[in-house]
1. Give me a single rounded figure for B:104-112: the average over its residues of other chain Cβ atoms within 10 Å of their Cβ.
2. Past the 29 Å Cα-Cα mark, which pairs from A:K43/B:K123; A:K60/B:K129; A:K128/A:K182?
3. Sketch the reach of a paramagnetic label on B:Q110 as a point 7 Å from Cα along Cα-to-Cβ, and name the residues of region A:72-88 whose backbone nitrogen lies under 11 Å away.
4. Per residue of A:96-109, count partner chain C-beta atoms within 10 Å of its C-beta, then hand back the mean as an integer.
5. Can you list the DSSP H helices in chain A whose Cα atoms extend at least 15 Å along the helix axis and whose mean Kyte-Doolittle hydropathy is 1.0 or higher?
6. Give me the one-decimal Kirkwood hydrodynamic radius in Å for the protein assembly as shown, with the sum taken over alpha-carbon pairs.
7. Starting from one equal scatterer on each C-alpha and no solvent at all, send me the Debye-based log10 I(q)/I(0) for region A:94-217 at q = 0.13, 0.17, 0.21 Å⁻¹, two decimals.
8. Among the helices of chain B (complete DSSP H runs), which have Cα atoms covering no less than 27 Å along the helix axis and a Kyte-Doolittle mean of at least 0.5?
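Just so it is clear, none of the values below were taken in a lab; they were calculated from the coordinates. Just so it is clear, the structure is predicted and the values come from calculations on it, not from any experiment. Note that we place each Cβ from the backbone using ideal geometry, even for glycine, and neighbour counts take in every protein chain shown.
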Amino acid sequence: MSTIIEIQGLTKKYGDLTALNDLTLNIQEGEVFGFIGPNGAGKTTTMRILTTLLKPSSGKAWVAGESVIDNPRAVRRNIGYMPDFFGVYDDMKVWEYLDFFAACYDIPQSTRLGMVDDLLALVDLGHKKDAFVDSLSRGMKQRLCLARTLAHDPQVLILDEPASGLDPRARIEMRELLRELKTMGKTIFFSSHILSEVADICTSIAILEAGGLVAYGDMAEMKRQLRAHRLIQLRALGDLTPIQEFLLRHEAVESIITSEEMDIPSDSLRFDFTGDDAALSQLLASLIGNKFQVVAFQEETGDLEDVFLQVTKGIVN
Amino acid sequence: MTELVQEPATKKKSFIQRLRENPVTVKELRSRMRGRRAFVVLTVHLLVMSGFITLVYSAFASAASGPFGPDSREVGKVIFSSVLGLQVMLVIFVGPSFTAGAISGEKERQTYDLLRTTLLSAKSFVAGKLLSALSYVLLLIFVAIPLQSIAFLMGGVAVIELVLSQVIVLVSAVTFALWGLYASSRMRTTLSASVVTFAGALFVTVGIPVVVGLFSMILSPFFAGAAVFSWQAEAALMYALMFLAGTNLPATLIVSDIVLVEEGSLWYFSTSVGGFSGSSHTVWLFSPWPLFLILYILLAVVLFYATVRRVRKIATQ
């Protein structure tokens, strides 16, 4: 995989306020990259710079090898951008909306008609082709806007809060759509503050706070790095006290949490484990070997919210 | 899905073809001419014009006291002047009202950023906005030409008068529309853009003549009391007044017509000046319309490129 978005020391200042501070990150081709952070963290500023709408105070950025500062037109050819807030035109039908934007991307008229049908089918709006854009629901408008970003078949999609303001069904539809675009080979760079969604579809994430990057990397790796040790949940038949005593004698077990200390089932307990997979497997084997009636033994993966809370300090809201 | 990858059009399009295919023009005209609105506006416009002409004719007929009714040539002249007056109002107020909201409206609707991330050049964008606004204003002007032709039936108006007046009106329409477009590119809201546009248009058409009138009233006692007022000074004053007439739409139309009808010349005429010396000198004066056309065409070019520059500029804030 090659780097498709490269950001080097990007800084944006508005007077005394630093909206973005020395941001450096690389996004690989085909990735679904989640850009997370509280409101005012600098996500939209970064996206506006990448989409050639805003000049950075310092630093550089490239999209598909083209500089956003020196060659904005070439960058625009390679990106599809969906802002967090966008409007639609009155007196315009759905097909006219897509046809208009396709024409703005120099797509010949002969190609546009079939292409509009394909795009509408992709976002499941084929039945709304002759409806006025203004009459669509928020979720439909959001999907239409996503179809618009695809009109010129860009390599990179930059989506600012694509699921914001959507009801649960529309959110699920949007998530499925992003998955489909990923399978089409698009690189998706999107911001969100709905962490469960990011965790669901992202391959990599970056967490931004107060204009600074606080964490960045491969999704699974991030979770692993940010968690110093593994949390294992065990369920067994009978009295749990002998198991607790057995576990405490194991050198890789750090602490044990019982149902009295935490909201877990009474037949279960949790413990911190510092060993690797082989050590964990051995521990399970020895539990079985000691005739403990283990019913379930699994690692708690933790979620992105844990990671987010761990790395951010709540500086901006 | 069909293949969406498009090769950029390499075949060079003609200027007319580019204008005809400009996506902004197509979109705006499609929206503007959709439904009954455009038809109703045109009908009301023609009804108002017809009513106005009927009113002018009736007023003139009842005021005329000759044994054979009103002089048809004079009626023709009055109708011609009245329709021209309405055209001037359209050009000064209606045209700019369309363009004043053309760019600021995109900002307010939050569609501006969507357009700016496409491959649509700033020049095409501005040209498209201008053309769509002008098309409608010109339509309103052209539909009134049959009403103008009533003046020919009555007599008293030469073809050259009609042609000259329409050329002046057309050039003014472009310049005033571009002024509105420039204001729209500078302002964040349509309201402020409209205020600036109308203030500018009023200053040029009404403000300057009022200021000149006030100055001449203030200065006339000094000239009247001057012991020596040379013919050169009188000639210079006449040149200055003709120059000022050449900066003002109504003044240009009136003075050019007077030169054409009274002096029988399209381009220039001579007049005698003597000052207080008693000697008579002949000075040649040009009709104001060539100066007006040069000034307004130059202004239109400057405003067009200033607007393009403004649209092209990548935001720093």
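1. If you average over the peptide's residues, the count of other-chain Cβ atoms is 3.
2. Checking Cα-Cα distances, A:K43/B:K123; A:K60/B:K129 exceed 29 Å.
3. Counting backbone N atoms under 11 Å from the label point, the list is A:83-88.
4. Average per residue, whole number: 6.
5. Helix filter hits for chain A: A:277-289.
6. Across the protein assembly as shown, the inverse of the average 1/r is 30.4 Å.
7. The Cα Debye sum returns log10 ratios of -0.56, -0.90, -1.23.
8. Length and hydropathy pass: B:37-63, B:122-142, B:159-186, B:288-312.
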